[in-house]
Amino acid sequence: MNLELQMIGTGSAFAKKYFNNNALLKDGDFTLLIDCGVTAPLALHQLNKSFADVDAVLITHIHADHVGGLEELAFKMKFTFHRKIKLYIAESLTSILWEHSLKGGLYQAREITSLEDIFEVCPLTPNKPYFISEHICLELIPNEHIPGKKSYSLYLNNQVFYSSDMIYNPDLLKYLVEERSCGMILHDCQLEGRGEVHTTLDELMRLPEDIRKITYLMHYGDNKDEYHGKTAGMEFIEQGRSYSL
Ligand SMILES: O=c1ccn([C@@H]2O[C@@H]3COP(=O)(O)O[C@H]3[C@H]2O)c(=O)[nH]1
Ligand SMILES: [Zn+2]
Ligand SMILES: [Zn+2]
């Protein structure tokens, strides 16, 4: 596939040791930022990067650990870099992102009155693959996360499933592996407590071994190290490290 995935953060929403669960997906010179949480500017800075290195941004759902850095991204693009990058987002979320999340901070008469004043908005239809660069094919898969809130997982190049935030859905994982040649799963992982809005480690440990073998854990809490060797063979994705896909 020849893509590189680098998690700029691997933490759960309120983790303090890890940044928000956001990623860079690189195809040669093209870099996609997958989600842009509150901590994204600092996370990039600590990797000697900045929003200047980002060519497009994709949003999976509207929670601060996934969209909270967009205000800074937008201002930097508009007034520092003078560049409009592509925003990939489910069509169902475009007006919600502006009206319910970004307008309060970004609105500026004659300068910024809509998402289109900042981004080249690319609304995506779920369950439909899109080539967004030469080698990145992206599909949004609707998931269940928060009652009444639309949220999406990603399926990359018909091979890699990226859960973003979702409650346990073993049937989806089995379907992707058995019917759609999925060879890698990056899954959110709540280490403790009941999985009311996320998937828990206990739930993932119930998956069949062939699925666990290809499952990597992300969006975890600060005490992740206590769980090393206690994950039924599933590896934790490491913040900052680059993975070849
Ligand atoms: O019913 C709820 C709704 C939300 N939350 C917390 O708020 C966080 C929002 O970001 P997140 O989706 O990464 O994780 C969520 C949880 O940590 C919760 O515990 N129960
Ligand atoms: Zn989250
Ligand atoms: Zn969330």
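Each reported figure results from applying straightforward, stated rules to the coordinates on display, with no laboratory input. Computed from a prediction, not measured in an experiment: that's the story for all the values here. Cβ placement follows ideal geometry from the backbone for every residue including glycine, while neighbour counts extend to all protein chains displayed.
Helix 170-179 versus the longest principal axis of the chain: what is the Cα-based angle in degrees, 0 to 90, to the nearest 10?
Roughly 90 degrees between the two axes.
I want to verify the translational diffusion coefficient of the chain in µm²/s; compute it with Stokes-Einstein, Rh as the Kirkwood radius over Cα pairs, at 37 °C and 0.692 mPa s. Mind dumping the intermediate values first?
Numbers: Rh = 18.1 Å.
Once the numbers are plugged in, D ends up at 181 µm²/s.
If amide hydrogens are placed 1.01 Å from N in the peptide plane, which non-local residues have theirs closer than 5 Å to the one on Leu138?
When sequence neighbours closer than 5 places are left aside, the close amide H contacts are Tyr130, Phe131, Ile132, Asn157.
Which value in deg cm²/dmol, rounded to the nearest 500, describes the helix-derived mean residue ellipticity at 222 nm for the chain, given -39,500 (n - 2.57) per DSSP H run of n ≥ 4 and division by the residue count? Walk me through the numbers on the way to the answer.
On the way: 7 runs with 39 residues, N = 245.
Helix-only estimate at 222 nm: -3500 deg cm²/dmol.
In Å and on Cα atoms, what radius of gyration and Dmax does region 1-127 show?
For region 1-127, the Cα-based Rg and Dmax read 13.9, 44 Å.
If you take every DSSP beta bridge whose two residues both sit in region 1-127, what share of them, in percent to the nearest 5, is antiparallel?
On the way: 10 of 23 bridges.
Antiparallel bridges: around 45 percent, rounded to the nearest 5.
As an exercise, identify the trypsin sites (Lys or Arg not before Pro) in region 1-96 lying in DSSP coil whose Cβ has no more than 10 other Cβ atoms within 10 Å. Before the final figure, lay out the partial values.
On the way: sites: Lys16, Lys17, Lys26, Lys49, Lys76, Lys78, Arg83, Lys84, Lys86; in loops: Lys16, Lys17, Lys49, Arg83, Lys84.
The qualifying sites are Lys16.
Give me log10 I(q)/I(0) at q = 0.13, 0.22 Å⁻¹ for region 153-238, Debye formula, one equal scatterer per alpha-carbon, no solvent.
Log-scaled intensity ratios, in q order: -0.36, -1.05.
Taking the Cα centre of region 124-216 as origin, sum charge times position over the Cβ atoms of Lys and Arg (+1) and Asp and Glu (-1), and report the length of that vector in debye to the nearest 20.
Around 180 debye, computed over region 124-216.
Need the list of aspartates and glutamates near Lys224 for cross-linking: C-alpha distance under 17 angstrom, and skip anything on the same chain fewer than eight residues off.
Hits, sequence-local ones excluded: Asp188, Glu192, Asp202, Glu203, Glu235, Glu238.
Cross-link partners among lysines for Lys128, C-alpha distance below 19 Å, same-chain residues fewer than 8 apart left out?
Lys86, Lys150
Estimate the FRET efficiency between Lys17 and Arg194 by the formula 1/(1 + (r/R0)^6), using the beta-carbon distance for r and 30 Å for R0, to the nearest 0.05. Intermediate values should be presented prior to the final figure.
On the way: r = 23 Å, r/R0 = 0.75.
According to the calculation, E is roughly 0.85.
Could you list Tyr152, Tyr88, Tyr130 in order of exposure, starting from the residue whose Cβ has the fewest other Cβ atoms within 10 Å? Numbers along the way, then the final one.
Working: Tyr152 27, Tyr88 23, Tyr130 13.
Arranged by neighbour count, lowest to highest, Tyr152, Tyr88, Tyr130 become Tyr130, Tyr88, Tyr152.
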